[in-house]
Amino acid sequence: MAHEIFISYSSRHRDLTRQLAAAIEAQHGAGSVWWDHALEARGPYATQIRAALDAARVVVVIWSAGAQVSEYVYAEAVLAHAAHKLVNVRPADTLFAQIPEPFNIHHVEALDATDRILQAIDGLMAGRALQTVVPLHVLYERQHGQKLVDPKQSALPADVLDISRANCCRHATNRSATSTPPASARRCCAGRSSIHAAPRGGCCMAPAVSARRAC
């Protein structure tokens, strides 16, 4: 049976690769996965690896600590990306910022999310293009550990004493420019210059210098 799925990884993390290969073969059949344990003693290794990489319909790259500094893994990822058959995977101890560019801004599956990895593989094998570059708000969350936009659009507490400056500023960004801020938000804006005492759209739409420092 031809190897259809190529796994690129660092030999320092062979156990991770073995586990993922087993999960993939459980769905796609024995021998469907190629990784360097399949190298034959005869013939140059580089030639065998390149032949398997070119023949594969899907290339899974595991961005472990060793893979991040491996020129071979990076080169294989570049070739796979150019061929539109790359699936990026990261172990739990790998941060997005540690993945080499430009793959750190690509769609990356968690190594323990086996079902999602299998879905990505199945999609590529079915001819469906895999999402590559992720939206900017997702990149912001990766880099800063918090969402750029509050998806809940949470309301402010009724009591002004319960309103933190951070909540006040977030509330301002969640309201339209034509809406009138509630009394609690207007009280939160105390300390602004008279020009900005009652801004349209909320607390921090046009803050005075002191308010900008607070927010």
Exercise. Those residues that are closer than 19 Å to A77 by Cβ and without any contact (Cβ under 8 Å) to a residue 24 or more places away in the chain, I need them from segment 114-131; list them, please.
Key: R116, G123
Quiz prompt | Single unsatisfied condition, Q98 versus (1) over 23 Å from I5 (Cα atoms); (2) modelled with pLDDT under 90 | solution = (2)
Quiz item: Does N174 count as surrounded by 13 or more Cβ atoms within 10 Å (Cβ to Cβ) and either modelled with pLDDT of 90 or more or outside the structural domain of A55 (by TED's automatic domain parsing) (or both)?
Solution: yes
Exercise. Could you check L95 against (1) in contact (Cβ under 8 Å) with a residue 24 or more places away in the chain; (2) farther than 21 Å from V33 by Cβ and say which number it fails?
Key: (1)
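The values are calculated or read from the model by the stated rules, or taken from the named source; none is laboratory data. In this text the structure is predicted, and so the values were computed from the model without any measurement. Using ideal geometry, Cβ is built from the backbone for each residue, glycine included, and neighbour counts are taken over all protein chains shown.
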